[in-house]
Amino acid sequence: MNHEQIIALGLSYKGTSLRYPFDPQQPVLFVREKMFALFGNQQGVESINLKTSPDEAWLQRQTYPGTVLPGYHMNKQHWNTVVLNGTVPDEVLVVMLQESYQLVIAKLTKSERQALISS
């Protein structure tokens, strides 16, 4: 998968939007006002930062060494950077994106979650 494909998938999730808060060349997927996917490049290769649980972060880094890294410019306990070089299977990337989205939703206020469900 590449940035374009992941962005299209992420925008299919309820309450998401694509924004450029940091740089006009750096897209970010948000759910409500919180980001769940930050797009970038690692040494000229597309990458994505995704939120994850600390245990899952460690497991993903062990499973895909050199491809799943501690989150670049992020809390390294809760974010991974995934280099999109084809090493991580597409179906695993889909699960990682969904988990990032779900973790961010879980941190929304109750009223924000209710608004998301009813929209």
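Descriptive notes on the structure:
- Consider the range 107-119 and keep the residues that are part of a helix (DSSP H, G or I) and open to solvent by less than 70 Å² (accessible area, probe 1.4 Å). The one that is farthest from residue 64 (Cα to Cα) is 115.
- Subset of the range 36-59 [open to solvent by 50 Å² or more (accessible area, probe 1.4 Å), of a type in the set (A, V, I, L, M) and assigned to a helix (DSSP H, G or I)]: 59
- Residue count for the range 60-103, restricted to those that are surrounded by 20 or more Cβ atoms within 10 Å (Cβ to Cβ) and touching a residue at least 60 places away in the same chain (Cβ under 8 Å): 4
- Contacts under 8 angstrom Cβ, first residue in the range 1-18 being at positive phi, partner open to solvent by 30 Å² or more (accessible area, probe 1.4 Å) and part of a loop (DSSP other than H, G, I, E, B), 6 or more apart: 15/32; 15/119
- Residue in the range 53-74 that is touching a helix residue (DSSP H, G or I) at 6+ places or on another chain (Cβ under 7 Å), at pLDDT 95 or above and closer than 14 Å to residue 3 by Cβ present: no
- Count of the range 19-46 residues which are small (Gly, Ala, Ser) and touching a residue at least 24 places away in the same chain (Cβ under 8 Å): 2
The values are calculated or read from the model by the stated rules, or taken from the named source; none is laboratory data. Values in this document were obtained by computation on a predicted structure and should not be read as measured data. Note: ideal-geometry Cβ built from the backbone for every residue, glycine included; neighbour counts use all protein chains shown. When the accessible area is computed, the model is the full protein with side chains, heavy atoms only, and any ligands, DNA or RNA have been set aside. Shrake-Rupley method; radii C 1.70, N 1.55, O 1.52, S 1.80 Å.
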